[in-house]
Amino acid sequence: MRIYSLFAFMLLHATTVVSQDVNPSTIDIVRDKWGVPHIYAKTDAAVAYGLAWANSEDDFKTIQQGFLAGKAMLGSYSGKSGATVDYIVQLLQCRKIVEERYEKDIATDYKRVLEGYAAGINAYAKAHPKEVLLKNLFPVTPKDMLAYSVLQLAISSGADKALREITSGTIPLAPQFASGGSNAYAFNSKITEDGNVYLAINSHQPLEGPVAWYEAHLASEEGWNILGALFPGAPSILHGCNENLGWAHTVNYPDKLDVYQLELNPQNKLQYKFDGQWEQLKTTRIKLRVKIAGLKIGVKKNIWESKYGPTLVTDKGAFAIRTGALMEIRALEQWYRMNKARNFSEFKNALSMLAIPGYNIVYADRYDTIFHISNGKIPIRNQSYEWKNTLPGNTSKTLWTEFHSFDDLPLVLNPNSGYVFNSNHSPFNSTASLDNLTSGRYDQTMGFETNDNNRSLRFMELIKQYPRLSYENFKQIKYDLQLPAKLAYETNGDSLFLLSPTDHPAIADVIQTLISWDHKADINSAGAALFSIIYYQVVKEQQQGASYRYISKRKSLELLQFAREYLLANFGRTNVVLGEYQKLVRGKKEVALPGIPDVISAMRSGSFENGKVKGEQGESYIELVRFTPQGPEIESVNCYGASNRPDSPHYADQMNLFVQQKTKPMTLDKEKIFWEAKRIYHPN
């Protein structure tokens with residue numbers, strides 16, 4: 001599951017007001033040897049309070065940045081970049097949507113959870129005033145949290161990309177060599193040797209920041225008992241497992257958002273034609289607070305709204321965006337329902353809310369059920385239009401108002417193959433070929449992707465090797481570092497591997513390294529380091545406007561020459577291995593890091609120092625589950641540790657496990673957790 005861009009100041013955030021159901025002295029925060037919080041309380045609301053407190057102990061600054069974004073106050077803290085986010089919050093009218101829907105849409109029991117979480121955050125802020133970033137940020141409320149979640153899910157549905165294109169006048173963005181990543185696998189007794197069910201939870205997120213994973217265990221006497229990961233400030237687990245079931249998310253790419261060009265009145269640029277009549281754009285004047293040189297400056301801006309939704313007026317015309325993510329506030333409640341589901345029927349009921357506007361879901365449970373769905377809140381559209389293009393914004397024929405049902409979405413339940421998988425590729429390749437869905441059965445305006453990528457192709461190569469799969473085989477697949485036989489990057493780089501060292505003596509050494517490479521991304525591979533340098537240079541060029549999809553022979557020679565000079569300049573030699581070039585870095589700790597973009601154990605890196613790069617996005621939180629008759633056996637690892645505070649012993653204590661592709665044992669067993677606890681305390 002990836003979440004992105006400068007709008008990545010968006011996490012799923014939290015709330016405020018002291019709930020009458022919460023007594024902090026009855027809440028236990030149990031820290032294990034790794035510093036992971038296990039929260040125990042009588043009620044779900046009290047657990048949410050404890051989670052808010054524990055997460056704040058580990059990462060209060062990041063949580064606050066999310067609150068600031070949700071309350072359109074980020075500019076007062078971080079300046080111009082934050083003010084851009086504040087403008088988007090108001091343009092999309094996230095708060096208005098919540099105000100209109102909160103009372104009737106949010107269930108009473110979930111309101112108590114939100115209030116409990118808010119109370120915990122506000123109590124922590126009151127107890128630690130020196131850590132508060134802006135005094136007027138607190139208190140925060142449930143509506144603040146939901147407004148932020150609407151914003152975040154609109155961004156993940158494509159609003160950031162659409163707004164960038166509208167303001168820059170570039171449609172589409174340049175193709176990229178880069179490929180993102182997440183993996184989700186589920187196997188049941190039809191293929192596992194021991195008859196148990198296996199689940200791999202493995203989304204590829206930024207390693208740090210507001211959408212980096214935080215591990216927690218939540219347990220109440222009202223039936224909440226789940227271990228997994230969430231973003232800082234989220235009030236429940238976003239993917240993980242309880243005693244009976246678990247699920248993983250990956251990002252999917254159906255058509256979740258539409259862009260319209262309005263037909264403006266030549267005599268009045270604030271009027272647009274709709275079904276033959278001139279309609280007035282609704283104009284609102286907003287004020288942004290921007291921190292500049294220590295001062296907070298007020299800046300006034302206009303935002304507009306048309307029948308289609310939020311609208312931008314530019315030199316090239318007026319453009320509106322429309323997405324189901326701006327018509328729904330129950331996403332966090334749906335995740336909470338998923339947390340508490342006890343079987344597939346209850347889990348399916350939660351999914352049927354269709355409040356989460358995107359993401360693949362790969363599910364497994366102790367009852368031998370496995371399942372994949374390409375989930376989405378996808379409009380029912382007029383098939384006379386090409387919905388992947390900018391649409392005419394002058395007719396009710398393009399103004400959709402209804403959504404496809406749960407049963408309309410591509411889903412596979414208990415296939416004969418015994419497995420389901422997704423790696424951000426087509427939902428029509430989610431299991432063995434004989435059990436797969438066919439794209440022709442689905443409304444083409446839904447826009448489901450039909451492509452494969454390196455990770456999906458490699459999974460298919462691996463699964464063919466196992467008529468029956470052991471748990472060790474399962475882990476070998478999850479931690480695979482090999483590219484597939486046929487590469488599937490968006491930019492075709494085959495020519496890089498077709499050069500002859502004897503034909504180009506000046507760069508013969510790097511050509512030989514590359515053509516001898518086994519396409520495996522382990523830390524001892526010189527080929528992986530060389531390929532990575534070339535990869536990031538191609539990405540850089542494409543981000544700067546280059547638009548090639550195929551690397552020619554001439555370009556290959558140019559890239560290899562660049563890589564050779566880079567290695568000599570920074571390392572003094574050309575035979576540099578991946579572990580020397582790529583590091584996992586936390587504070588002063590630096591360790592060799594395996595992985596490259598789009599292998600199963602993927603890693604994407606950014607500049608570090610002295611020619612080295614450091615991991616930024618990819619493998620981060622990993623949770624592996626084996627559902628047995630005795631209960632789930634769980635192992636997990638986080639790329640750094642449980643805390644984002646540099647003075648914490650858990651700031652970097654999982655790094656060595658992570659780079660060695662090892663895990664730590666985890667459990668839902670209360671007796672074992674309390675017996676092995678390193679610290680037990682109340683949130684006060």
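If one computes the Cα centroid of region 301-366 and of region 371-394, what distance in Å separates the two points? Between the Cα centres of region 301-366 and region 371-394 lies a distance of 14 Å.
Give the lysines reachable from Lys555 as a straight Cα distance under 19 Å; neighbours fewer than 8 places away on the same chain don't count. In chain and number order, the partners are Lys540. Based on Cα contacts under 8 Å between residues 6+ apart, the chain shows a relative contact order of 18 percent. For the chain, a simple Cβ point-charge model (Lys and Arg +1, Asp and Glu -1, everything else neutral) yields a dipole of about 1900 debye relative to the Cα centre. Farthest toward the positive end of the dipole of region 301-431, out of Asn414, Leu399, Tyr308, is the Cα of Tyr308, where the dipole comes from beta carbon charges about the Cα centre. Looking at region 23-76, the trypsin sites (Lys or Arg not before Pro) that sit in a DSSP loop and have at most 16 other Cβ atoms within 10 Å of their own Cβ are Lys33, Lys42.
Estimated at the nearest 10 Å², the accessible area of Glu100 is 110 Å² with a 1.4 Å probe.
Can you send over the carbon and sulfur percentage of the accessible area for the chain, probe radius 1.4 Å, protein chains only?
Summing carbon and sulfur atoms, their accessible area is 49 percent of the total for the chain.
The GluC sites (Glu not before Pro) found in region 387-485 that occupy coil by DSSP, while having at most 10 further C-beta atoms within 10 Å, are Glu402. Principal axis extents of the Cα atoms in the chain, from largest to smallest and rounded to whole angstrom, are 73, 71, 57. Accessible area per residue for region 597-656 is 34 Å², calculated with a 1.4 Å probe on protein heavy atoms, without ligands, DNA or RNA. Taking Cβ atoms as reference points and 11 Å as the exclusive limit, the residues near Ala485 contribute a net charge of +1, counting Lys and Arg as +1 and Asp and Glu as -1.
Between Arg164 and His504, what is the FRET efficiency for a Förster distance of 30 Å, r being their Cβ-Cβ separation, to the nearest 0.05? In this case the efficiency is close to 0.15. Membrane-span-like helices of the chain, defined as complete DSSP H segments with a Cα extent of 15 Å or more along the helix axis and a mean Kyte hydropathy of at least -1.0, are identified as 44-70, 80-91, 108-127, 142-154, 526-543, 553-571. Distance from the Cα centroid of region 559-582 to that of region 426-498 is 31 Å (rounded to whole angstrom). Here is the P(r) of region 255-324: all C-alpha pair distances, binned every 10 Å from 0, give 19, 41, 25, 14, 2, 0 in whole percents. Solvent-free Debye calculation, one equal scatterer per alpha-carbon of region 57-102: log10 I(q)/I(0) at 0.14, 0.31 Å⁻¹ equals -0.36, -1.01. Extending 7 Å from the Cα toward the beta-carbon at both Ala107 and Glu221 defines two label points whose distance is 2.1 nm.
Applying both filters, DSSP loop and at most 10 other Cβ atoms within 10 Å, to the chymotrypsin sites (Phe, Trp or Tyr not before Pro) of region 548-613 eliminates every site. Local charge for Ile551 was computed over the other residues whose Cβ lies under 10 Å away, with Lys and Arg +1 and Asp and Glu -1, and equals +2. Which shape class applies to region 611-684: rounded if a/c is under 1.5, otherwise prolate when a/b exceeds b/c and oblate if not, where a ≥ b ≥ c are the square roots of the Cα gyration tensor eigenvalues? Judged from the Cα gyration tensor, region 611-684 comes out oblate (a/c at least 1.5, b/c at or above a/b).
By its C-alpha gyration tensor, with a ≥ b ≥ c as the square roots of the eigenvalues, how is region 89-160 shaped: rounded for a/c under 1.5, else prolate for a/b larger than b/c, else oblate? In terms of gyration-tensor shape, oblate. Take each peptide in 109-118, 128-137, count the other Cβ atoms within 10 Å of every residue, and average; sorted highest first, the result is 109-118, 128-137.
Phi angles of region 194-209 translate, via the Karplus equation with coefficients 6.51, -1.76, 1.60 and θ = phi - 60°, into HN-Hα couplings of 8, x, 8, 9, 10, 9, 10, 9, 7, 7, 9, 10, x, 6, 9, x Hz per residue; Gly and Pro are given as x. Note on the chain: helix-only mean residue ellipticity at 222 nm, from DSSP H runs of 4+ residues weighted -39500 (n - 2.57) and normalised by residue number, equals -9000 deg cm²/dmol. If you find the alpha carbon centre of region 631-683 and of region 28-90, how far apart are they in angstrom? Cα centroid of region 631-683 versus Cα centroid of region 28-90: 20 Å apart.
What's the long-distance tail for region 50-200, i.e. % of Cα pairs beyond 18 Å?
Of all Cα-Cα pairs in region 50-200, 69 percent lie more than 18 Å apart.
For region 125-273, a/c is not less than 1.5, where a ≥ b ≥ c are the root eigenvalues of the C-alpha gyration tensor, and a/b does not top b/c. That puts it in the oblate class.
The values are calculated or read from the model by the stated rules, or taken from the named source; none is laboratory data. This structure is a prediction, so every number in the text was calculated from the model and none was measured. A quick note on method: Cβ atoms are made from the backbone with ideal geometry, for glycine too, and the neighbour counts reach across all protein chains shown. Areas reflect the complete protein model, heavy atoms only, side chains present, ligands, DNA and RNA absent. Shrake-Rupley method; radii C 1.70, N 1.55, O 1.52, S 1.80 Å.
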